[in-house]
Amino acid sequence: MNDLLLTNLESVPGRHIAEHYGLVSGNTVRAKNVGRDIAASFKNLVGGELKGYTELLTEARQQATARMIEQARALGANAVLNVRFSTSSVAQGAAELYVYGSAVRVE
Amino acid sequence: MDPSQSQNSELIFMLIFYALPVVGLVVFGLIGVVAERRHFASIRLREQTGPRIPMVTVRKCDPNRAVAESRLVTGSVVVSLDYFKRFLAGLRNLFGGRVRSYESLMDRARREATLRLQAECVGADMVLNFRIETSALANTRGKKGAGGVEVLAYGTMVRYVPMDAMPPPLG
């Protein structure tokens, strides 16, 4: 996938931290698209998994993570520690996905 | 027009107008119940047959063992209630108390997300700092809730160097 190590621990197991670069983050704001929304509103009647939304959010989260990784690479980091995810609805029908962590160089 | 005929058509209109939501409640409710049963059966099956990877909220791994691999793993799912259960939950709002339909929905979502996370950690010995995050998605009219609930499970998978591949401990 990528050579940059992501973890939600405070250290990379079996390695030691050589340098801290500070916080890196990535975000994306997504609105549901009309097609998916219609499909989901039908699915909403019978309940269960809304696959369209699961995919949408997974994709969005991957994009946010990719942005964070890009930022970390630019700083010269090879790992991001203590990665956290947060989701918030910022507007009607739109959600912001935010990923953040500490960029470090591990050896 | 014959007055009895117009009365008849009015009756039919009223019947459709009032009966349709009720029929919808019953039909979608039944489909929802069947779908939920099947989902739970699938969850139970996968929990029993899948690999048993210990998932802990502890953040330190065993310091005595060498780590071969560690990375972030995630699993997520968006689920929603069916029409009938949402209606029942709405009624519950009037009287208060346990809302069982949402309890089972959350249980279902968390277990599914956890299973998806486990599917990602092939060969893992354990998952450290396991966390589950829940967020309600806004529905089509922009109101909070009812549009579905997203559950995200994440953690760090750790694979140790096998015991026999390690040099014998000193002393």
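Each reported figure results from applying straightforward, stated rules to the coordinates on display, with no laboratory input. Since the structure is predicted, the reported quantities are computational estimates derived from the model, not experimental observations. Every residue, glycine among them, receives a Cβ derived from its backbone with ideal geometry; neighbour counts consider all protein chains shown.
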Counted neighbours (other Cβ, 10 Å), sorted fewest up, put B:Thr156, B:Thr57, B:Thr114 in the order B:Thr57, B:Thr114, B:Thr156
Which translational diffusion coefficient, to the nearest whole µm²/s, is obtained for region B:3-165 from the Stokes-Einstein equation, given a Kirkwood hydrodynamic radius over C-alpha pairs, 20 °C and 1.002 mPa s?
112 µm²/s
In terms of modelled amide H atoms, which long-range or inter-chain residues lie less than 5 Å from the amide H of A:Ala79?
A:Leu5, A:Val104, A:Val106
Computed helical MRE - 222 nm, chain A, DSSP H runs ≥ 4 contributing -39500 (n - 2.57), nearest 500:
-12000 deg cm²/dmol
On a C-alpha basis, how far is the centre of region A:1-79 from the centre of region B:70-91 in Å? Whole number, if you could?
20 Å
If amide H atoms are built 1.01 Å from N in the plane of the peptide, which residues on other chains or at least 5 residues away come under 5 Å of the amide H of B:Tyr160?
B:Ala68, B:Asp125
Karplus-derived 3J(HN,Hα) from phi for region B:111-125 (6.51 cos²θ - 1.76 cosθ + 1.60, θ = phi - 60°), whole Hz, x at Gly and Pro, runs 5, 5, 4, 5, 5, 5, 5, 5, 5, 7, 9, 6, x, 6, 8
Which translational diffusion coefficient, to the nearest whole µm²/s, is obtained for the protein assembly as shown from the Stokes-Einstein equation, given a Kirkwood hydrodynamic radius over C-alpha pairs, 37 °C and 0.692 mPa s?
153 µm²/s
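Can you tell me what share of the DSSP beta bridges in chain A is antiparallel? A percent to the nearest 5 is fine. Walk me through the numbers before you get to the answer.
Numbers: 23 of 25 bridges.
Among the beta bridges of chain A, antiparallel pairing accounts for roughly 90 percent.
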Name the most mobile residue of B:Pro51, B:Pro63, B:Pro21, meaning the one with the largest mean-square fluctuation, in a Gaussian network model of chain B with Cα contacts below 10 Å.
B:Pro63
Counting only residues 5 or more apart in sequence or on a different chain, those whose built amide H sits under 5 Å from that of B:Val77 are B:Val151
